[in-house]
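For reference, the structure is listed below as structure tokens.
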Amino acid sequence: MNKISILWIDDEIDLLKPHILFLEKKGYQITTCQSGAEALEEVAVHNFDVVLLDENMPGITGLETLSEIKSVKNNLPVIMITKSEEEYIMEEAIGAQIADYLIKPVNPNQILLSLKKILDHSRLISEKTTASYQQEFRKIAMDMNMINSHEEWVDLYKKLVYWELQLEHIEDSGMIEILESQKTEANNQFFKFIDKNYKNWLSGEDAPTLSHTLFQQRIAPILSKKQPTLLIVIDNLRYDQFKSIEPLINKYFKKIQEDSFYSILPTATQYARNALFSGLMPADMQKLHPDWWLNDTDEGGKNLHEKDFLQAQMKRLGLDFVMDYHKITSLKSGKKLVEDFKQLKNNDLTAVVYNFVDMLSHAKTEMEVIKELASTDKSYRSLTESWFKNSPLLEMIQRAQQEKFQLIITTDHGTINAKNPSKVIGDKNTSLNLRYKTGKSLSYQDKEVIAVKNPKEFGLPSIHMSSSFIFAKSDYFFAYPNNYNHYVSYYRNTYQHGGVSLEEMIIPFAVFSPR
């Protein structure tokens, strides 16, 4: 293994001999210079791993030397060492992207710590993260077998997402594979839990907040005529994606509440998002608002009446608030809403549905380039974060902060990377979704689905007298026997929703106050 190579620049370098001997005993290779001019010659011909730079030198100053080094090798880490504690020197050095800043007199251990922080940072974090997860792995495995409440499943899922986000920064692929297998096992156990408890939740028995109760339980109580509220529903946003964009939101807003709630089944837009806005289960939507509800097999858009549903729910709850609603499905419509944002402060509640993440998941199925860019959950999060950084949605959040809005971020359902095919047979009127099916005479693999013979028990409408629903388990997706291999190849490793998984059902709800 090659030694770490250090360039140390100081006009009194001879006085630092004990420090140099100390570092050499620790395995570092030291090259010394007594001036900035000499150092620049060394940097031009040698590849150093790090530079130790005295700020106060005759001739070319430390700050001037720093600037010259960065112009030649921008990624070379520089540790500035100075006698001065003047703020402007520190600010200039930080502005020039120094790696660390030490004030004389420095002892050898201070320098060693700084070097380790810079050069061994990734390795040390990787080792610590790996060891911590290995310890936590056993606890998660034990907890998983004893969970018997919806609150405990939320806690466990958040713990898995936490470790997933931690492990994505290390290079040990083995740890990632272990986590993936633990997520799969968690989803298998979660599937059994939902199969056992979901129907009871709909009758109010120890129920979590669900799509159709979210507005009444979580949103309505915090609405006020004294402060406008911006409710943003980002379609298809998983909890891990929310955590990846949250730091960007935190620049403008302070989080005052974060909860998770459960999407209803199917975890699909026409069911879950309509339920959120209407405060009703799909069977009740069909019964009370037949002109606004469309079944899977009906022609036309399935989410065209979200504003109507929300107005009807607010009236039913006796809420006397001025409300407006916007659906953003393109860059143009997003920019237009940002331009008109000042007008929104006259509303008590502005609801915005933002469709990018949903479009991204569908594009991953249909476009090879997106399949490449979002081939894993890590890259899928990264793509979401990159979009968010440059989107009108972030501009909208900035405007909301300037206008002192209360901000609510949530979603309608999550999504899962579908990997395993499950054979299903249905007639020509069977719904097309890959994670749930509704239709007559469905034939399926029993162990891979939750089957609902009587849709009304799950709050779902029946298209026909003999209609039933099936929901896919974990990361399964439905495939027909006809042209099976082509179908499986096309849809495997694509992001789908509609079924039963932690990723689809346990979804974020967060409230923010402007900074």
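Read-outs throughout are calculated quantities, based only on the coordinates presented, and are distinct from any laboratory measurement. Given the structure is predicted, the values throughout are model-derived calculations rather than measurements. Here the Cβ positions follow ideal geometry from the backbone for every residue, glycine too, while neighbour counts run over all protein chains shown.
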Check: How big is the charge dipole of region 417-496 about its Cα centre, in debye rounded to the nearest 20, if each Lys and Arg gets +1 on its Cβ and each Asp and Glu gets -1 on its Cβ?
Finding: 40 debye
Item checked: Cα long-axis angle, helix 269-278 against the chain (0 to 90 degrees, to the nearest 10) -> 80 degrees
Next item on the list: For a footprinting-style exposure proxy, rank Arg399, Arg515, Arg238 by other Cβ within 10 Å, fewest first.
Entry: Arg515, Arg399, Arg238
Check: Taking +1 at the Cβ of each Lys and Arg and -1 at the Cβ of each Asp and Glu, which of Ser244, Gly62, Met142 sits farthest along the dipole of the chain towards its positive end, judged by Cα position relative to the Cα centre?
Finding: Met142
Next item on the list: Name the residues whose placed amide hydrogens come within less than 5 Å of the amide hydrogen of Thr32, ignoring near sequence neighbours (fewer than 5 apart) on the same chain.
Entry: Trp8
Notebook entry, point to check: Mind checking which aspartates and glutamates have their C-alpha under 15 Å from Lys26, skipping anything on the same chain fewer than 8 residues away?
Noted result: Asp120
Item checked: FRET E, pair Ser224, Lys199, Förster distance 41 Å, beta-carbon r, rounded to 0.05 -> 0.70
Margin query: Quick check: pseudo-label points 7 Å beyond the Cα along Cα→Cβ at Gln110 and Gln134, how many nm apart are they?
Written below: 3.6 nm
Next item on the list: Calculate, in whole percent, how much of the Cα-Cα pair population of region 123-202 lies beyond 21 Å.
Entry: 32 percent
Margin query: Taking only the Cα atoms of region 417-496, how large is their convex hull per residue, in Å³?
Written below: 88 Å³
Check: Remind me, what semi-axes does region 110-249 give for its equivalent ellipsoid, largest first in whole Å, using sqrt of 5 times each Cα gyration tensor eigenvalue?
Finding: 35, 24, 12
Note to self: Suppose each label sits 7 Å from its Cα in the direction of the beta carbon; what would the Glu258-Ser5 distance come out to in nanometres?
What the structure shows: 4.3 nm
Notebook entry, point to check: So how much slack lies between Gln97 and Glu185, counting 0.36 nm per residue of separation and subtracting their Cα-Cα distance, in nm?
Noted result: 27.2 nm
Margin query: Tell me the angle of helix 150-167 to the major Cα principal axis of the chain, expressed in degrees between 0 and 90 and rounded to the nearest ten.
Written below: 30 degrees
Notebook entry, point to check: What number, rounded to the nearest 500 deg cm²/dmol, is the helix-based mean residue ellipticity at 222 nm of the chain, given -39500 (n - 2.57) per DSSP H run of at least four residues and division by all its residues?
Noted result: -13500 deg cm²/dmol
Item checked: Mean separation of Cα contacts under 8 Å, 6 or more apart, over the residue count of the chain: relative contact order % -> 16 percent
Notebook entry, point to check: Going by average Cβ neighbours within 10 Å, how do the peptides 137-145, 426-434, 410-418 rank, with the highest at the top?
Noted result: 410-418, 426-434, 137-145
Next item on the list: For Asn236, list long-range residues whose amide hydrogen, built 1.01 Å from N in the peptide plane, is under 5 Å from its own amide hydrogen.
Entry: Asp412, His413
Item checked: Computed FRET value (nearest 0.05) for Met146 with Asp14, which takes r as the C-beta separation and R₀ as 51 Å -> 0.15
Notebook entry, point to check: Listed here are the pairs Lys183/Lys389; Lys159/Lys307; Lys315/Lys453; Lys128/Lys378; Lys453/Lys473; which of them are more than 25 Å apart at the Cα?
Noted result: Lys183/Lys389; Lys159/Lys307; Lys315/Lys453
Check: For Cα extents along the principal axes in Å, which listed value, (1) 93, 53, 41; (2) 70, 56, 40; (3) 77, 60, 37, comes from the coordinates shown?
Finding: (1)
Notebook entry, point to check: Hey, which aspartates and glutamates would be in cross-link range of Lys456, C-alpha to C-alpha under 18 Å, not counting anything within fewer than 8 residues on its own chain?
Noted result: Asp195, Glu205, Asp284, Asp296
Note to self: Need one number: % antiparallel among DSSP beta bridges in the chain, to the nearest 5.
What the structure shows: 40 percent
Notebook entry, point to check: For region 5-119, what does the alpha-carbon gyration tensor say about shape, rounded, prolate or oblate, given a ≥ b ≥ c as the root eigenvalues, a/c under 1.5 as rounded, and a/b over b/c as prolate?
Noted result: rounded
Next item on the list: Return the lysines within reach of Lys70: Cα separation strictly under 24 angstrom, same-chain partners fewer than 8 residues apart disregarded; answer none if there are no such residues.
Entry: Lys3, Lys83, Lys104, Lys116, Lys117
Next item on the list: Please label the shape of region 185-290 as rounded, prolate or oblate, based on the square roots a ≥ b ≥ c of the eigenvalues of the alpha-carbon gyration tensor (a/c under 1.5 means rounded; beyond that, a/b larger than b/c means prolate, else oblate).
Entry: oblate
Next item on the list: Using a Förster distance of 56 angstrom, determine the FRET efficiency expected from the C-beta separation of Arg316 and Gln445, and round it to 0.05.
Entry: 0.85
Notebook entry, point to check: Using alpha carbons only, how many degrees (0 to 90, rounded to 10) separate the axis of helix 392-402 from the longest principal axis of the chain?
Noted result: 80 degrees
